[in-house]
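Visitor: Take a look at this one; I'll ask things after.
The values are calculated or read from the model by the stated rules, or taken from the named source; none is laboratory data. The model shown is predicted, which means the values in this text are computed figures rather than measured ones. Backbone-built Cβ (ideal geometry, glycine too); neighbour counts: all protein chains shown.
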Amino acid sequence: MTGPVLAVDQGTSGTKALVICPDRGVIGSGAAPVSPRYGSGGRVEADPAALLSSVVDAGRRALAQAGEPVAAVGLANQGETVLAWDPATGDPLTEAIVWQDRRAEPLCTELAPHAEKLTQLTGLPLDPYFAAPKMAWIRRELTREGVVTTSDAWLIHRLTGAFVTDAATAGRTQLLDLDRVTWSPEALDIFGLAEERMPEVVDVDGAVGITTAFGAPLPLTGLLVDQQAALFAQRVTEPGTAKCTYGTGAFLLAQTGPRPRRTGNGLVSCVAWRLAGRTSYCLDGQVYTAASAVRWLTDLGVISGAADLDPVGSAVPDSGGVTFVPALAGLAAPWWRGDLRGSLTGLGLDTGPGHLVRALCEGIAAQVVELTDAVAADLGAPLTSLRVDGGLTRSALLMQTQADLLQLPVEVSALPDATALGVGAVAMLGMDPSLTAEEAVPAWKPSAVYEPRISEAAAAERLAGFRAQVEALLDRTPPAAH
């Protein structure tokens, strides 16, 4: 059996690091915050130096708490966040353009005639959420210098000097040929990126270099994009199984096996991981605002933080007729209308904070139901349960609402920080190829299972109310304005 590994999850609002021992589990943890900056016109940026320092700080804190050496390190990343940087010096040439940034919307509109071709090639719909539109936007608007990549390639370069990205992260760019798992010359050309120097696409469990950022030299043996790392940790490895992570956004992924399954229902078809040269695929659906919508309510003073969701929401029996479509950064799958704004309807003089909290929980949960319905349609069979992880799973109100609207059991992971655990398992596989995935991933068990408490008819009625408000938003903002 291998020794402990350091697993680092570089996320949107912070970096979490764990020291994971195959026998004893998590023996050290550390965290460091990151503060994205939000601006007009859909601008969401982060300081690249802050991303790197958060990785180093969180990793060193976890190692200090563990108090013993590790054998390797794994790194998970945000996925669609991009920047331009100088490959000679490693210096950033732009801010990091975060996955939520919408400034490439006009570029996507311009490329709309190529949308169907791009989706067929890459599995992804044409949308500013993905990396390629942002990369092309940087080249048009900010700089032609250096290289332009996802944030993981820059972090890996700063840590080890290598110029690589893993297959799953590459699959989030809209530049990867989904079937061949190599860069697509045609997609690169469509985005005006044909002359770019692109990082090598590597397996998620390969040794890519040595880093001294955390002290003694350590091999970097695991790389995986955040949601796929959580998928791996949740043991969602068989076709037809699914998980949802509730973080800044909510992300539902369903395993589809060794062949990509093109979706007809607004989901994304992408690489789950490539382990030892073998590729697994998944279907992916996104809710852009989950914890970020909770933060919005907090900033307004309605609640003082996510810990208030349950006490404030439980003070009232229902949402009081309020419907909240929390499209605060647009609607993602299955609608793909990033231009839409959120809506609050049904307000009255008797509306209080508890009604707003319950309406938000219903709005998040209803969007996840739309995703599970799309997965079921694509797979030809309904899901039987949903495994969930992420910070917002601490809210019993949100999880019960999810089970009620989904009409399925919702199984909350007993393992917090699933993304870090997943990339830690990948790092172990990269260090010891004789290990199986089952041996590397911690045994899965739920900390709680939420069963539906309302009838199917009641769930259908509440979902119909939400869908009616989404339709009203779509009618008010026709696609021609998109």
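Visitor: Within the stretch 462-471, is even one residue more than 23 Å from Gly346 (Cα to Cα) and either exposed (fewer than 15 other Cβ atoms within 10 Å of the Cβ) or at pLDDT 95 or above (or both)?
Guide: no
Visitor: Restricting attention to the stretch 140-155, which residues are under 19 Å from the mean Cα position of the chain (by Cα) and over 17 Å from Val271 (Cα atoms)? If you could, list the steps in order and put the result at the bottom.
Guide: Taking the stretch 140-155 as the starting set, the residues that turn out to be under 19 Å from the mean Cα position of the chain (by Cα) are 149-155.
Of everything in the stretch 140-155, those that are under 19 Å from the mean Cα position of the chain (by Cα) and over 17 Å from Val271 (Cα atoms) turn out to be Thr149, Ser151, Ala153, Trp154, Leu155.
Visitor: Just one of (1) over 12 Å from the mean Cα position of the chain (by Cα); (2) surrounded by 24 or more Cβ atoms within 10 Å (Cβ to Cβ); (3) under 23 Å from Leu408 (Cα atoms); (4) at pLDDT 90 or above trips up Gln234, so point out which.
Guide: All conditions are met except number (4).
Visitor: Tell me, yes or no, whether the stretch 437-456 has at least one residue that is crowded, with 16+ Cβ neighbours inside 10 Å, of a type in the set (D, E, K, R), in contact with a Ser or Thr (Cβ under 9 Å, 6 or more places away or on another chain) and not in a helix (DSSP H, G or I).
Guide: Checked against the condition, which is being crowded, with 16+ Cβ neighbours inside 10 Å, of a type in the set (D, E, K, R), in contact with a Ser or Thr (Cβ under 9 Å, 6 or more places away or on another chain) and not in a helix (DSSP H, G or I), the stretch 437-456 yields no hits at all.
Visitor: Let me ask you something else. What residue, of Val208, Val204, Val181, is farther than 27 Å from Glu110 by Cα and under 22 Å from the mean Cα position of the chain (by Cα)? Break it down stepwise before answering.
Guide: Details: Val208 fails: under 22 Å from the mean Cα position of the chain (by Cα); Val181 fails: farther than 27 Å from Glu110 by Cα.
None of the other options fit; the residue is Val204.
Visitor: Can you spot a residue in the stretch 367-390 that is farther than 21 Å from Gln255 by Cα, of a type outside the set (D, E, K, R) and modelled with pLDDT of 90 or more?
Guide: no
Visitor: Another one. Could you list all residues from the stretch 25-81 that are touching an Asp or Glu at 6+ places or on another chain (Cβ under 6 Å) and closer than 21 Å to Ala207 by Cβ?
Guide: Across the stretch 25-81, the qualifying residues are Ala76, Asn77.
Visitor: When residues of the stretch 124-149 are filtered for being in contact with a strand residue (DSSP E or B) (Cβ under 6 Å, 6 or more places away or on another chain) and more than 17 Å from Asp91 (Cβ to Cβ), how many remain?
Guide: The total comes to 4.
Residue by residue, here is whether (1) over 25 Å from Gln227 (Cβ atoms); (2) touching a Lys or Arg at 6+ places or on another chain (Cβ under 9 Å) holds:
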position	(1), (2)
Val70	no, no
Pro92	no, no
Glu110	yes, no
Thr122	no, no
Pro128	no, yes
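Visitor: Looking only at residues in the stretch 382-426 that are on the phi > 0 side of the Ramachandran plot and either touching an Asp or Glu at 6+ places or on another chain (Cβ under 9 Å) or charged (D, E, K, R) (or both), which one is surrounded by the most Cβ atoms within 10 Å (Cβ to Cβ)?
Guide: Taking the stretch 382-426 and keeping what is on the phi > 0 side of the Ramachandran plot, we get 390, 407, 417.
Add one more test, that the residue is either touching an Asp or Glu at 6+ places or on another chain (Cβ under 9 Å) or charged (D, E, K, R) (or both), and what stays is 407, 417.
Working: Gln407: 18, Asp417: 23.
Looking at the filtered set, the residue picked out is Asp417.
Visitor: Shifting gears a bit: Report those strands (runs of 3 or more DSSP E) wholly inside the stretch 1-94 carrying at least 1 residues which are in contact with a helix residue (DSSP H, G or I) (Cβ under 6 Å, 6 or more places away or on another chain) and at pLDDT 95 or above. Spell out the reasoning first.
Guide: Details: elements: 5-10, 14-21, 25-33, 37-39, 43-46, 72-77, 82-85.
In the stretch 1-94, 5-10, 14-21, 25-33, 72-77, 82-85 are the strands (runs of 3 or more DSSP E) which contain 1 or more residues that are in contact with a helix residue (DSSP H, G or I) (Cβ under 6 Å, 6 or more places away or on another chain) and at pLDDT 95 or above.
Visitor: State whether the residues of the stretch 119-127 include one that is under 25 Å from Gln286 (Cβ atoms), out of contact with any Leu (no Cβ under 7 Å at 6 or more places or on another chain) and surrounded by fewer than 17 Cβ atoms within 10 Å (Cβ to Cβ).
Guide: yes
Visitor: Can we say Glu68 is closer than 29 Å to Thr436 by Cβ, in contact with a strand residue (DSSP E or B) (Cβ under 8 Å, 6 or more places away or on another chain), surrounded by fewer than 24 Cβ atoms within 10 Å (Cβ to Cβ) and charged (D, E, K, R)?
Guide: Working: closer than 29 Å to Thr436 by Cβ: yes; in contact with a strand residue (DSSP E or B) (Cβ under 8 Å, 6 or more places away or on another chain): yes; surrounded by fewer than 24 Cβ atoms within 10 Å (Cβ to Cβ): yes; charged (D, E, K, R): yes.
Yes.
Visitor: Still on this structure, I have one more. Show the residue pairs that are 6+ apart or on different chains and have beta-carbon atoms under 7 Å apart, the first residue being within the stretch 417-431 and within 18 Å of Gly79 (Cβ to Cβ), the second being among the basic types (Lys, Arg) and not in a helix (DSSP H, G or I).
Guide: Within 7 Å, the pairs are Asp417/Lys16; Ala420/Lys16.
Visitor: Can I ask one more? Has the stretch 44-61 got at least one residue that is under 30 Å from Asn265 (Cα atoms), surrounded by fewer than 20 Cβ atoms within 10 Å (Cβ to Cβ), touching a Lys or Arg at 6+ places or on another chain (Cβ under 7 Å) and not β-branched (Val, Ile, Thr)?
Guide: no
Visitor: Related question: Going residue by residue through the stretch 280-289, is there one that turns out to be in a loop (DSSP other than H, G, I, E, B) and within 20 Å of the chain's Cα centre (by Cα)?
Guide: Within the stretch 280-289, the first condition is being in a loop (DSSP other than H, G, I, E, B), and the residues that meet it are 288-289.
Now restrict to residues that are within 20 Å of the chain's Cα centre (by Cα): 288-289.
Yes: one or more hits.
Visitor: Being within 20 Å of the chain's Cα centre (by Cα) and part of a loop (DSSP other than H, G, I, E, B) is the filter here; which residues of the stretch 263-279 pass it?
Guide: Of everything in the stretch 263-279, those that are within 20 Å of the chain's Cα centre (by Cα) and part of a loop (DSSP other than H, G, I, E, B) turn out to be Thr263, Asn265, Gly266, Leu267.
Visitor: On to the next question. Tell me yes or no: at least one residue of the stretch 332-348 is among the β-branched types (Val, Ile, Thr), buried (at least 20 other Cβ atoms within 10 Å of the Cβ) and at pLDDT 95 or above.
Guide: Checked against the condition, which is being among the β-branched types (Val, Ile, Thr), buried (at least 20 other Cβ atoms within 10 Å of the Cβ) and at pLDDT 95 or above, the stretch 332-348 yields no hits at all.
Visitor: Look at the stretch 237-255 and say how many of its residues are buried (at least 24 other Cβ atoms within 10 Å of the Cβ) and either at pLDDT 95 or above or not charged (D, E, K, R) (or both).
Guide: Qualifying residue count, the stretch 237-255: 11.
Visitor: Exactly one condition in (1) under 30 Å from Ala233 (Cα atoms); (2) assigned to a helix (DSSP H, G or I); (3) among the β-branched types (Val, Ile, Thr) is false for Val470; which is it?
Guide: Val470 satisfies all of (1) under 30 Å from Ala233 (Cα atoms); (2) assigned to a helix (DSSP H, G or I); (3) among the β-branched types (Val, Ile, Thr) except (1).
Visitor: Answer yes or no as to whether Thr169 is in a strand (DSSP E or B), surrounded by 19 or more Cβ atoms within 10 Å (Cβ to Cβ), of a type in the set (Val, Ile, Thr) and within 23 Å of the chain's Cα centre (by Cα).
Guide: For Thr169, the condition - in a strand (DSSP E or B), surrounded by 19 or more Cβ atoms within 10 Å (Cβ to Cβ), of a type in the set (Val, Ile, Thr) and within 23 Å of the chain's Cα centre (by Cα) - is not met.
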